[in-house]
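Q: Before I ask anything, here is the structure I am working with.
Please treat every number below as a calculation from the coordinates, not as lab data. Nothing here was measured: the structure is a model prediction, and the numbers come from that model. Cβ coordinates were reconstructed from backbone atoms using ideal geometry, including for glycine residues, and neighbour counts include every protein chain displayed.
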Amino acid sequence: MNKKKVAFYTLGCKLNFAETSTISQYFENAGYEIVNFSKDADIYVINSCSVTSNANKKSRNAISRAKNRNQNAIVVLTGCFAQLQSENLKENHAIDYIIGANDKDKIIDLINSLEKTNTTEIITTDHKDMKRFFPSVSYGDRTRSFFKIQDGCDYFCAYCTIPYARGRSRNQSIEQTVSQARDIAKKGIKEIILTGINIGDFGKSTGENFYDLLVELIKVEGIERIRLGSIEPNLLTTQIIELVATNKKLLPHFHIPLQTGSDKLLKLIRRKYDTSLFREKIEIIKTLIPDAFIGIDLIVGLNGETNEMFEETKTFIQSLDISYIHHFQYSEREGTPAVNFSPKTNPQEKQERANIITEICESKHKTFLNSQVGSIHEVLFETSVKKNKIFGYTENYIKVSTDYDEQIINKILKIKITGFIDNETMNCIIL
């Protein structure tokens, strides 16, 4: 008997990718064949994002593509777009099931238990009632895994819908999280990337804390490298930075959301820090770990951002010793306070500001990479191959390449950076 086929399409954050990977394992364990989303399948699962209007558009396009490939297929929409827009989407007859964030891990059971009708079935939970934690791990190239340790957020920033899409901050206990890390290690994974909506808030639902989790995770045998996901500046304590500085397993790579370099705008959008605290965190990192990679998040053209505020942001980020800027243009989210903030930046102004930030980012990144030429690092080589080259990342998140050798896949080797291949990748020799 032929196996039923299921295909997955994932949009958005690394957390979504970890969850999709785990959901696909459920289907595989139940006897389904996993196929590419571009292929004919019996079931299409779209794990959506809603951080911008463009993400919503991509989700709609994925729904249409799935139904066009197989009119008889079951199309399942889950994720943040499904959670936030379920009522608006129920008239879309290309969708068979809309399953909210709280029930992602039940998709296969729900499909099997609910009778298929000509109407869209909606299964969602109000964000106030989201209590369950769905542990997830991605097993992409079998060398590194995105490891979900936390979900939800209590911050309710003025521009953001995530607390409504994913509920309040919650997590498993340290004991359960460490046990899962041991299971990851048994699969031969050498590096884990700690992932969540607000990982620094880990422990809020269990009376524990993120620092204590790190202390226990570094004891897990087989896990050689632990990389931190995005962490809020007010939750990145000196104690955590010192632990990273003194423990080899904790990699010197930080991703810290800034969003704007204007104190007035930070207050308006309800962020929990000011530029002084943010600068202090960067300086502590660079003092204790001079070669650390520091990436920041920035939103361009927020409602309420004046020309003067943007100039403050530009001046502030130029003054920081950072390695990279991940920025995107603000997109109004229905139901958030920021929708009513003024002035509103027109699309042309947003693009002009984004272009300026891109130039600063490229300059900062090139300066950082230049500083690393001739330096010695350790690299975990991955399975990806291109033009007979193999790739990997240093501890401080520099993508490097060398001649392909199957024997070095999933090995951590000492290398020397010798120069640039392109703006993102550097050449290296194995020592």
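Q: Going 7 Å from the Cα of ASP291 in the Cα-to-Cβ direction, what parts of segment 386-426 have a backbone nitrogen less than 12 Å from that spot?
A: Of the residues in segment 386-426, 394-398, 414-418 have backbone N under 12 Å from the label point off ASP291.
Q: With bins 5 Å wide starting at 0, give me the P(r) of segment 376-430 over every alpha carbon pair, in whole percents.
A: Cα pair-distance distribution for segment 376-430, in percent: 5, 23, 39, 25, 8, 0.
Q: Provide the packing ranking of 17-27, 36-46, i.e. peptides ordered by the mean count of other C-beta atoms within 10 Å per residue, highest first.
A: Highest to lowest by the protection proxy: 17-27, 36-46.
Q: Normalised by the residues of the chain, what does the relative contact order come to in percent, with Cα pairs under 8 Å and at least six apart?
A: 10
Q: Counting DSSP beta bridges with both partners in segment 376-430, what percentage is antiparallel, nearest 5?
A: Of the beta bridges lying entirely in segment 376-430, close to 85 percent run antiparallel.
Q: Could I ask something else about it? Out of all DSSP beta bridges in the chain, what portion is antiparallel? Express it as a percent rounded to 5. Spell out each step's value before the answer.
A: Numbers: 22 of 68 bridges.
The antiparallel fraction comes to roughly 30 percent.
Q: Nothing charged except the Cβ atoms of Lys and Arg (+1) and of Asp and Glu (-1): what's the magnitude of the dipole of the chain about its Cα centre? Round to the nearest 20 debye.
A: Around 640 debye, computed over the chain.
Q: Mind computing the radius of gyration and Dmax over the alpha-carbon atoms of the chain? Å is fine for both.
A: 22.1, 67
Q: Now a separate question. Taking the chain as a Gaussian network, Cα atoms linked when under 10 Å apart, which of VAL137, VAL215, VAL178 shows the biggest mean-square fluctuation?
A: Highest fluctuation among the options: VAL215.
Q: Ranking request for peptides 368-376, 281-289, 4-12: highest mean number of other beta-carbon atoms within 10 Å first, then the rest in descending order. If you can, show how the numbers build up before the last one.
A: Numbers: 368-376: 14.3, 281-289: 17.0, 4-12: 20.9.
Listed from highest to lowest mean packing, they are 4-12, 281-289, 368-376.
Q: Let me ask another. Need the full-extension length gain, THR306 to SER173, defined as separation in residues times 0.36 nm minus the C-alpha distance. One decimal, nm.
A: Values: separation 133, 0.36 × 133 = 47.88 nm, distance 4.36 nm.
Between THR306 and SER173, full extension yields an extra 43.5 nm.
Q: Between ASN346 and ARG69, how high is the FRET efficiency from 1/(1 + (r/R0)^6) when r is the Cβ-Cβ distance and R₀ = 41 Å? Nearest 0.05.
A: The calculated FRET efficiency here is 0.60.
Q: From the Cα gyration tensor of segment 5-125, with a ≥ b ≥ c the square roots of its eigenvalues, which class applies: rounded if a/c is under 1.5, or else prolate if a/b is larger than b/c, or else oblate?
A: Note, shape of segment 5-125 comes out rounded.
Q: Same structure again: Normalising by the residue count of segment 1-129, find the relative contact order in percent from Cα pairs under 8 Å and 6+ residues apart.
A: Over segment 1-129, the number comes to 21 percent.
Q: Also, I was wondering about something else. Which pairs break 31 Å Cα to Cα here: LYS67/LYS104; LYS5/LYS219; LYS131/LYS248; LYS128/LYS248; LYS131/LYS314? It would help to have the intermediate numbers written out before the result.
A: On the way: LYS67/LYS104 21 Å; LYS5/LYS219 40 Å; LYS131/LYS248 35 Å; LYS128/LYS248 40 Å; LYS131/LYS314 40 Å.
As for pairs spanning more than 31 Å Cα to Cα, those are LYS5/LYS219; LYS131/LYS248; LYS128/LYS248; LYS131/LYS314.
Q: Could you rank the peptides 320-326, 29-35 by their average count of other C-beta atoms within 10 Å per residue, with the highest value first?
A: Working: 320-326: 19.3, 29-35: 13.3.
So the order, starting with the most tightly packed, is 320-326, 29-35.
Q: If the chain between ASP212 and LYS90 were fully stretched, how many nm would it gain, using 0.36 nm times the residue separation less the Cα-Cα distance?
A: Working: separation 122, 0.36 × 122 = 43.92 nm, distance 4.38 nm.
Gain on extension, ASP212 to LYS90, equals 39.5 nm.
Q: Estimate the FRET efficiency between THR52 and GLU221 by the formula 1/(1 + (r/R0)^6), using the beta-carbon distance for r and 30 Å for R0, to the nearest 0.05.
A: So, using R0 = 30 Å, E works out to roughly 0.15.
Q: Among the lysines, which fall within straight-line cross-link reach of LYS389, defined as a Cα-Cα distance under 26 Å, with same-chain neighbours fewer than 8 residues apart omitted?
A: List returned: LYS14, LYS187, LYS190, LYS366, LYS399, LYS411, LYS414, LYS416.
Q: Another question, then. Run the simple label-point estimate for ASN36 and LYS314 please: 7 Å along Cα→C-beta, distance reported in nm.
A: 4.4
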